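Here's the structure, in structure tokens; my notes come after.
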Amino acid sequence: MDDEDWKDRVVRKGKAAGEKMGTALKKTGKVVSDGWITTKISTVFAFNRHVNPLNVRVKTRNGEVVLYGNARTQAEYDMAEKIAQNVDGVVRIVNRLSRDWE
């Protein structure tokens, strides 16, 4: 890869990262990382008596949160989604929890 190709690639990557940060900034007024979002949601799960963090897991990419695992009750299913929605930086929730009670 020559110097010009390398520079173009760096510029493209920088623009893409800037656009993602801009989306988060518009929604929250501040920029937060995917790791911070995942950690925040998982921590709230750990201190919430309705959500078992061993059953409900979280992945975040570009502010999109995916909940996966097994919800044991409707309350756990609903509470996991509600908690995730209330965290700064979350752009969208994808709830892939299986419903063990059905």
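The values are calculated or read from the model by the stated rules, or taken from the named source; none is laboratory data. Note that the structure is a prediction, hence the values are computed from the model and not measured. Here the Cβ positions follow ideal geometry from the backbone for every residue, glycine too, while neighbour counts run over all protein chains shown.
Quick notes on this one:
- Cβ separations smaller than 7 Å between residues 6+ apart or across chains give no pair from region 35-46 residues that are within 14 Å of Met79 (Cβ to Cβ) and among the hydroxyl-bearing types (Ser, Thr, Tyr) to residues that are modelled with pLDDT under 95 and assigned to a helix (DSSP H, G or I).
- Residues that are acidic (Asp, Glu) and modelled with pLDDT of 95 or more within region 73-89 comprise Glu76, Asp78, Glu81, listed in sequence order.
- Within region 53-72, residues that are at pLDDT below 95 and in a loop (DSSP other than H, G, I, E, B) sit with their Cβ atoms under 9 Å from residues that are of a type in the set (Phe, Trp, Tyr) and crowded, with 18+ Cβ neighbours inside 10 Å, at 6+ positions apart or across chains, in these pairs: Pro53/Phe45.
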